[in-house]
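The values are calculated or read from the model by the stated rules, or taken from the named source; none is laboratory data. Everything quoted here is computed from the prediction, not taken from an experiment. When we count neighbours, we look across all protein chains shown, and the Cβ atoms used for this are built from the backbone with ideal geometry, even at glycine. Quick note on the areas: whole protein, heavy atoms, side chains included, nothing else; ligands and nucleic acids left out. Shrake-Rupley method; radii C 1.70, N 1.55, O 1.52, S 1.80 Å.
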Amino acid sequence: MRKMLTIISNVLRGSASRNKCDVHKLEEGPPLQAVLTREEGLQYYRTMQTIRRMELKADQLYKQKIIRGFCHLYDGQEACAVGIEAGINLSDHLITAYRAHGYTLTRGGTVREIMAELTGRRGGIAKGKGGSMHMYTKHFYGGNGIVGAQVPLGAGVALACKYLGKNELCVCLYGDGAANQGQIFETYNMASLWKLPCIFICENNKYGMGTSVERAAASTDYYKRGDFIPGLRVDGMDVLCVREATKLAAEHCRSGKGPILMELQTYRYHGHSMSDPGISYRTRDEIQEVRSKSDPISMLKDRMLSNNMASVEELKEIDVEVRKEIEDAAQFATTDPEPPLDDLCNHIFYNDPPMEVRGTNPWTKLKSIS
Amino acid sequence: MASLRCFLRSGKKAVTAVLRREFHGTPPAAVQVTVRDALNQAMDEELERDERVFLLGEEVAQYDGAYKVSRGLWKKYGDKRIIDTPITEMGFAGIAVGAAMAGLRPICEFMTFNFSMQAIDQVINSAAKTYYMSAGLQSVPIVFRGPNGASAGVAAQHSQCFAAWYGHCPGLKVVSPWSAEDARGLLKSAIRDDNPVVFLENELMYGVPFEMSEEVQSKDFLIPIGKAKIERQGTHITLVSHSRMVSLCLDAAAVLAKEGIECEVINMRTIRPLDAEAIETSIMKTNHLVTVEGGWPQFGIGAEILARIMEGPAFNYLDSPAVRVTGVDIPMPYAKILEDNSVPQIKDIIFSIKKTLNV
């Protein structure tokens, strides 16, 4: 019985002002109501929980010094990655910046290969050579370390989509910090001129590293910053809001109208990276308030429970399965061997004959194959 | 005459027969082609050969190219494949790289490489490093091309040579053609290469004609990236150079030949990967080395060549220290007399050769 139950879910909730959709140069925003099926609900729940647990495990491993270097965690923002993916197809394209573990998963990566990449092992999604910020899968172009650089890249992917005529689009993500980058405005201009099928998405988590949006941007209406590009702003903590907005944006692109800009208002529980405790520029109270009132996973859970779409036990069971998956992945990630030294100089060039690479001294000639 | 009589007698059928006969009878012909036209033809042929190839940059389409290198291409291929961009290098270079990641084969033109500095992050961090960072998952088949180095009277901000800057970076191939043949064969190879290639042209060479044999004119004529060419055989000293400076080396060699000094002139053709072997082989024959470049001396092309020679088998064959002839270590001045004295002249090369040979 429950399996056949389909629930109309009210996307706009009562009084909370953040749950409305603001539009810029758009006729109308996404629909006020959306259909959430049980299957969808369970899938979103599972994926968001997987991301959450994976990121928390990464936090643990980092503190144990098993993960090193940069590690930018996504917990709190799960609804963005999951909602966006629900609004597009795997055959579409996506690119983001360095807070990319969640997207690597939604774009087809496995927890195992993501964690093994964080721990720098040969079983990592980039064989241990990329690390946290440089993970790739099919139609997912990373994982990019230079703030803002991914935006022109994403428009380029969109150009290829249009050029090759396969009705695909590119979702191009950036944060509130990156939103002030000049190259993004250059990209808005060209994407608009050439009507590229590009959904620009600003994940506004209120802080660019330690700088709040009020201190960084003369205009914090990021959805309007595209000027001549239509924009919309939705609650990024609500996976259905994100999904419906993405669907609207995708429809806009696929109909040949050119780019569109979405701002997702979201929040990260962790600091900017593992080197940032995240409490010098914001209060613990603020973090706690978001956790208790706007946690994306809790919100979905409550919605499903109150609409009788799933039972508490069922969801608990998913939690258990997810925990197990993460544990297994962590086990793999900590026991898989590091990449072989033979691999050091490989992957310099594609489709090239093997070549020699100079080592640290003139007598050391290392081998490089494609 | 015979063909004309044939035509008059039997009309259309005869004409086709005559044309066919004429084809058989034509001997292979070398032609004079400027570097500009060679680049143009190479791009034209590659655009025709592979639908994924396209050109973008400032003024490349409707203006026919700032230096007319892309003349006629927009008319032939249209807006989809020849794209005029706004003056936003960082943006359009990034767009080009993204397009390459998603399966196209862009040629990204910088009006001059001086402007590539605005976009250099996209060239290095997005293009050059990606195949490595992704451990082979994501390749970037892109060509960045445009004029590089000193021109005439364009002053400091428009005259820098970037061969050393780009040549420094793993993941990039860096190519520097001299002749029309180089331009044609190397550009075709660059476009067909599945990796990011920085293609350094030279504005002063665009209008220079070179003889191009029938073989070089063929549509599949390619010059392998990474192989230098010996433009002139010699026995007394090895001159290594790239781009326009090759002309000066050959001129210097011609002058010195009259004095009985035979220079071997090597045209590098590729900056990265550097064909050290060709240089070493030559030094083992001549025992002397002078490098000649237009760029600045510090940490430049010559510096790398000399370091490699020191570290390699050819060092023991040197009868005197290897020496670099370079641009003067200053921002490029404007006044003609100053500019002329900021870049190597033939007399500077001859002077350095004679010092090295101790004559």
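So the values come out like this:
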item	result
Dimensionless Rg/Rh of segment A:252-357 - Kirkwood Rh, Rg from C-alpha atoms	1.14
Pairs beyond 30 Å (Cα-Cα), from A:206/A:247; A:138/A:293; A:25/B:76; A:367/B:354; B:258/B:285; A:166/B:76	A:138/A:293; A:25/B:76; A:367/B:354
Whole-Hz ³J(HN,Hα) from phi, Karplus 6.51 cos²θ - 1.76 cosθ + 1.60, for segment A:333-344, glycine and proline x	5, 8, 10, 4, x, 5, x, x, 4, 4, 7, 3
Stokes-Einstein D in µm²/s, Kirkwood radius over Cα pairs - the protein assembly as shown at 37 °C with 0.692 mPa s viscosity	115 µm²/s
Potential lengthening between residue B:254 and residue B:330 on full extension [0.36 nm per residue; Cα-Cα distance subtracted]	24.4 nm
For A:346-356, mean number of other protein chain Cβ atoms within 10 Å	6
Environment charge at residue B:274 (Cβ cut-off 9 Å; Lys +1, Arg +1, Asp -1, Glu -1)	0
For residue A:203, net neighbour charge (Lys/Arg +1, Asp/Glu -1) across residues whose Cβ lies under 11 Å away	+1
Cα coordinate range in chain A, projected on the principal axes (Å, largest first)	72, 52, 44
Share of pairwise Cα separations in segment A:231-292, more than 12 Å, in percent	72 percent
Within segment A:320-349, backbone nitrogen closer than 15 Å to the virtual label 7 Å beyond the Cα of residue A:60 toward Cβ	A:320-335
Alpha-carbon Rg/Rh ratio, for segment B:229-357, with Rh computed the Kirkwood way	0.95
Neighbourhood net charge (13 Å Cβ-Cβ; Lys/Arg +1, Asp/Glu -1) for residue B:226	0
Placed amide H near residue A:171: partners under 5 Å, 5+ positions off or other chain	A:93, A:94, A:95, A:199
Kirkwood hydrodynamic radius over Cα pairs of segment A:195-326, then Stokes diffusion coefficient at 4 °C and 1.567 mPa s, in µm²/s	76 µm²/s
Amide N proximity, segment B:255-274 versus residue B:346 label position 7 Å along Cα-to-Cβ, cut-off under 14 Å	B:255-259
Fraction of accessible area attributable to carbon and sulfur, segment B:32-217 (%, probe 1.4 Å)	49 percent
Within segment B:32-217, percent of DSSP bridges classed antiparallel, to nearest 5	15 percent
Set of aspartates and glutamates near residue B:336 by C-alpha distance (under 19 Å), chain-local residues within fewer than 8 positions excluded	B:203, B:348
Helix A:150-164 axis, angle to chain A major axis (alpha carbon atoms, nearest 10°)	80 degrees
In segment B:313-359, the trypsin sites (Lys or Arg not before Pro) that fall in loop regions by DSSP, at most 16 other Cβ within 10 Å	none
Segment B:75-121: trypsin sites (Lys or Arg not before Pro) falling in loop per DSSP and having at most 13 other Cβ within 10 Å	B:80
Net dipole in debye of the protein assembly as shown [+1 Lys, Arg Cβ; -1 Asp, Glu Cβ; about Cα centre; nearest 20]	1140 debye
Approximate spin-label separation residue A:366-residue A:68, in nm, with each point projected 7 Å along Cα-to-Cβ	1.6 nm
Crossing angle, helix A:284-294 versus chain A [Cα axis fit, 0-90 degrees, rounded to tens]	60 degrees
Angstrom value of the Kirkwood radius, inverse mean 1/r, which spans all Cα pairs in segment B:221-272	11.3 Å
Dipole magnitude of chain B, debye to nearest 20 (Cβ charges: Lys/Arg +1, Asp/Glu -1, about Cα centre)	1220 debye
Note, ³J(HN,Hα) from phi for segment B:349-357, Karplus 6.51, -1.76, 1.60, rounded to Hz, x at Gly and Pro	5, 4, 4, 5, 4, 5, 5, 5, 7
Label point distance in nm, residue B:79-residue A:284, each placed 7 Å from Cα along Cα→Cβ	6.0 nm
Cβ-Cβ FRET estimate between residue B:44 and residue A:298, R0 fixed at 45 Å, reported to 0.05	0.15
Placed amide H near residue B:54: partners under 5 Å, 5+ positions off or other chain	B:105, B:107
Over 18 Å between alpha carbons, listed pairs A:63/A:127; B:229/B:355; B:129/B:229; A:57/A:324; A:129/B:227	A:63/A:127; B:229/B:355; B:129/B:229; A:129/B:227
Exposed-site-free run, longest, chain B (rule: chymotrypsin sites (Phe, Trp or Tyr not before Pro); DSSP loop; at most 16 other C-beta within 10 Å)	B:64-298
Simple spin-label estimate for residue A:32 and residue A:212 in nanometres, 7 Å along Cα-Cβ	3.3 nm
Chain A: antiparallel DSSP beta bridges as a percent of all, rounded to 5	40 percent
Fraction of accessible area attributable to carbon and sulfur, segment A:295-370 (%, probe 1.4 Å)	55 percent
Where the protein assembly as shown is the region considered: accessible area per residue in Å², 1.4 Å probe	43 Å²
Calculated P(r) tail over 13 Å for segment A:318-370, as whole % of Cα pairs	69 percent
Overall form of segment B:32-217 per C-alpha gyration tensor (a/c, 1.5; a/b vs b/c)	rounded
DSSP beta bridge pairing in chain B, given as percent antiparallel to the nearest 5	20 percent
Whether chain B is rounded, prolate or oblate, judged on the alpha carbon gyration tensor where a/c under 1.5 counts as rounded	oblate
Cα centre as origin, Lys/Arg/Asp/Glu Cβ charges: segment B:205-359 dipole, Debye	180 debye
Mean separation of Cα contacts under 8 Å, 6 or more apart, over the residue count of chain A: relative contact order %	21 percent
Cleavage-rule hits, GluC sites (Glu not before Pro), segment B:197-300, DSSP coil, Cβ neighbours within 10 Å at most 13	B:259
For the pair A and B, total buried accessible area rounded to nearest 100 Å², probe 1.4 Å	3500 Å²
